[in-house]
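The values are calculated or read from the model by the stated rules, or taken from the named source; none is laboratory data. Being a predicted model, the structure only gives us computed values, none of them experimental. Using ideal geometry, Cβ is built from the backbone for each residue, glycine included, and neighbour counts are taken over all protein chains shown.
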2 protein chains.
Amino acid sequence: MKTFEKRFKSIQNEIIAAYTKLESSKRASIISDSWRRPEGGGGRTFVIQEGSFFDNCAVNFSSIFGSKLPKSAIGNSIVKSTRYGYQAMGVSVICHPKNPHIPTSHMNVRLFCILDKKNKIKDWWIGGGYDLTPYFVNEEDISHWHKSAKINLDGFNKSYYGKFSKNCNEYFYIPHRDERRGVGGVFFDNKKHKSIDSSIHMLESIAKTYLNSYQDIINNRKNLSFTKDEKEFQELRRGRYVEFNLVNDRGTAFGLQSNGRTPSILSSLPLRASWKYRKSKEMQAKEKKLVKALGKDWNV
Amino acid sequence: MKTFEKRFKSIQNEIIAAYTKLESSKRASIISDSWRRPEGGGGRTFVIQEGSFFDNCAVNFSSIFGSKLPKSAIGNSIVKSTRYGYQAMGVSVICHPKNPHIPTSHMNVRLFCILDKKNKIKDWWIGGGYDLTPYFVNEEDISHWHKSAKINLDGFNKSYYGKFSKNCNEYFYIPHRDERRGVGGVFFDNKKHKSIDSSIHMLESIAKTYLNSYQDIINNRKNLSFTKDEKEFQELRRGRYVEFNLVNDRGTAFGLQSNGRTPSILSSLPLRASWKYRKSKEMQAKEKKLVKALGKDWNV
């Protein structure tokens, strides 16, 4: 388990290094918190807050274990009982840049192991993925995002990208708004790719592809200036992000209900979000255009 | 039913008149939307948005009916099956004033009727209450809020205030933060006060007491000036309000899951909310003071 943890921590460190470079402002709060969980395990929460590049950004690692499987794990699993121990580890990333021309991005990679009485691995699976939430649509960025995901996953199995990108559209959907959260990406769960070692290797490769694609998009957009109105529109749409995370996201619900570390779980929320019963005509026009793009099939 | 609806609409109109008076700014958007529900019934959503007094304020009436009881109603009811028709009507009010020295307030009164095959009332109950969410604590305001609630309810039944104020503390609680949403008030459900007529009379009296107490608090605080920091603190604490409404509030969850009118349901959300992984020392001190007060037993 220590070797696996090390590999996840490396993923975290690589992303932290890349994002810290982007945030040159001395005003920014850069916070690294290591924490332990009373029931077993712990993690490290890394946050950049109120910078000149990021409104906020969280790159979190956690590895937790328990002697009784959480009920929510059973539906997914081959195992039908909660009487086993488990170990779950992963890295979660969320980036809310200040500039509304740069999309919000999210990435998660995780390994779940079921343990027998001698703490040996009885069963295991991996899950994760990444998705993109633009405020203003750039077809070029979205197409690059999807293409890189496909090229990378094709190297593992030609069937993966098709399935994972479809999952992503289905998962990141807000029923009460009948809107997708973003323009998709990839998402999967309960997956074995050959051995555990090969599976973690695939997660490493997914994390790297996410980071590279997102950095490309950042480089394409970071020099664009933005207006007060565009910032206001971003904050209104970040209201939708809050709605998805608090109402629809199973991971957030599970974390909050299972006595997880609340500040780490909710580090995914944006610095600021806004709601208006009625938006101005200009905002409505911006939103109409965006929502139309979110409904499109961007999979390549 | 039409007579009952008329009485709820009067409650709505009286509150709209009072709050419209407070909002003198010509910048404010004042919106009144009447809507129909395809499955039966409808309502009127009234919103004041981005004014000089209110960040936002919603005073909503709805009356809906259906031929099959929603499952969520059964647990509460004497009736054990969904095979009955129902009619549910009520008024919901939420006020987020701009000035952080004025608390946010919420009030709801409702009547639920179970109908037999001839659309006659087979069973019924009332529910509702009101609660107060300050950002800065004024003992005088809170004590007035609770005392007025007690004096009013004592006129109906001496046991009500004690039960209802305890319910309120239990209901408006955010488990993942281990914090109450506010300093309480009254909350009840599945209640009969003598006849339907007497019960609606009690709801009218509760709505009136809410309005009077809240107007008193507004008058005590509206002339206080506030700083940018105090406004920022209010927005951070409004993040908690969003968390309660989206994660914990059963009414919101039921509305969203049952294909309710989303913009009306979410008109309870503040104009702006904010989240920070780490708050400044000044904000932490303000929050510590507030959270201590929220944990106090304010019931009189």
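Among B:I196, B:I217, which is touching a Phe, Trp or Tyr at 6+ places or on another chain (Cβ under 8 Å), surrounded by 15 or more Cβ atoms within 10 Å (Cβ to Cβ) and closer than 26 Å to B:K21 by Cα?
On the way: B:I196 fails: closer than 26 Å to B:K21 by Cα.
One residue alone meets the criteria, B:I217.
For the list (1) crowded, with 22+ Cβ neighbours inside 10 Å; (2) over 21 Å from A:R7 (Cβ atoms); (3) not hydroxyl-bearing (S, T, Y), I need the number of the one condition that A:K68 fails.
Just one mismatch for A:K68, condition (1).
What single numbered condition from (1) more than 13 Å from chain B (Cβ to nearest Cβ); (2) in contact with a helix residue (DSSP H, G or I) (Cβ under 9 Å, 6 or more places away or on another chain) fails to hold for A:S198?
With respect to (1) more than 13 Å from chain B (Cβ to nearest Cβ); (2) in contact with a helix residue (DSSP H, G or I) (Cβ under 9 Å, 6 or more places away or on another chain), A:S198 is out only on (2).
Looking only at segment A:258-269, filter to residues that are under 22 Å from A:T133 (Cβ atoms) and more than 7 Å from chain B (Cβ to nearest Cβ); which one of those is surrounded by the fewest Cβ atoms within 10 Å (Cβ to Cβ)?
Checking each candidate, the answer is A:S264.
Within segment B:193-235, which residues are part of a loop (DSSP other than H, G, I, E, B) and under 27 Å from A:R272 (Cα atoms)?
B:K222, B:L224, B:S225, B:F226, B:T227
B:D229 versus (1) loosely packed, with under 15 Cβ neighbours inside 10 Å; (2) more than 18 Å from B:G127 (Cβ to Cβ); (3) without any contact (Cβ under 8 Å) to a residue 40 or more places away in the chain; (4) charged (D, E, K, R): which is the lone unmet condition?
All conditions are met except number (3).
How many residues does segment B:270-284 hold that are facing chain A (nearest Cβ under 7 Å), basic (K, R), assigned to a loop (DSSP other than H, G, I, E, B) and touching a residue at least 40 places away in the same chain (Cβ under 8 Å)?
1
I want to confirm something. Restricting to segment A:172-190 and keeping residues that are within 14 Å of another protein chain (Cβ to nearest Cβ) and out of contact with any Leu (no Cβ under 7 Å at 6 or more places or on another chain), which single residue is surrounded by the fewest Cβ atoms within 10 Å (Cβ to Cβ)?
My answer is A:D178.
Considering only segment B:109-144, state which residues are outside any strand (DSSP E or B) and either modelled with pLDDT of 95 or more or surrounded by 20 or more Cβ atoms within 10 Å (Cβ to Cβ) (or both).
Those that are outside any strand (DSSP E or B) and either modelled with pLDDT of 95 or more or surrounded by 20 or more Cβ atoms within 10 Å (Cβ to Cβ) (or both): B:P134, B:Y135, B:F136, B:V137, B:N138, B:E139, B:E140, B:D141, B:I142, B:S143, B:H144.
Only one of B:K296, B:K289 is of a type outside the set (V, I, T), in a loop (DSSP other than H, G, I, E, B), more than 8 Å from chain A (Cβ to nearest Cβ) and surrounded by fewer than 19 Cβ atoms within 10 Å (Cβ to Cβ); which?
The match here is B:K296.
Just a yes or no: is a residue in segment A:65-77 within 17 Å of the chain's Cα centre (by Cα) and at pLDDT 80 or above? Even if it seems obvious, please write down each step before you answer.
So the first thing to find is which residues in segment A:65-77 are within 17 Å of the chain's Cα centre (by Cα), and the list is none.
No, the conditions are met nowhere in segment A:65-77.
Within segment B:78-108, restricting attention to residues that are within 22 Å of the chain's Cα centre (by Cα) and at pLDDT below 95, which residue is surrounded by the most Cβ atoms within 10 Å (Cβ to Cβ)?
B:Q87
For A:K158, work out the one condition from (1) farther than 20 Å from A:T104 by Cβ; (2) within 14 Å of another protein chain (Cβ to nearest Cβ) it doesn't fulfil.
(2)
Given the structure, is A:C168 under 30 Å from A:G41 (Cα atoms) and assigned to a helix (DSSP H, G or I)?
So A:C168 fits the description; yes.
Which fully enclosed strands (runs of 3 or more DSSP E) of segment B:1-108 have 1 or more residues being within 14 Å of chain A (Cβ to nearest Cβ) and over 22 Å from B:C168 (Cα atoms)?
Those strands (runs of 3 or more DSSP E) span B:29-36, B:41-49, B:54-66.
Would you confirm, using the coordinates I've provided, whether B:R237 is over 22 Å from B:N138 (Cα atoms), in contact with an Asp or Glu (Cβ under 9 Å, 6 or more places away or on another chain) and among the charged types (D, E, K, R)?
So B:R237 does not fit the description; no.
All but one of (1) closer than 19 Å to B:R110 by Cβ; (2) in contact with a Lys or Arg (Cβ under 8 Å, 6 or more places away or on another chain); (3) at pLDDT 95 or above; (4) surrounded by 15 or more Cβ atoms within 10 Å (Cβ to Cβ) hold for B:E50, so report the exception by its number.
Just one mismatch for B:E50, condition (1).
In segment B:238-255, how many are touching a helix residue (DSSP H, G or I) at 6+ places or on another chain (Cβ under 7 Å), under 15 Å from A:P270 (Cα atoms) and not hydrophobic (A, V, I, L, M, F, W, C)?
Number of matching residues: 1.
Just wondering, is there one or more residues in segment A:230-247 that are away from chain B (no Cβ under 14 Å) and either under 27 Å from A:K6 (Cα atoms) or of a type in the set (D, E, K, R) (or both)?
yes
Quick one: in segment B:251-268, of everything that is without any contact (Cβ under 8 Å) to a residue 40 or more places away in the chain and within 13 Å of the chain's Cα centre (by Cα), which residue is nearest to A:E232 (Cα to Cα)?
It comes out as B:L266.
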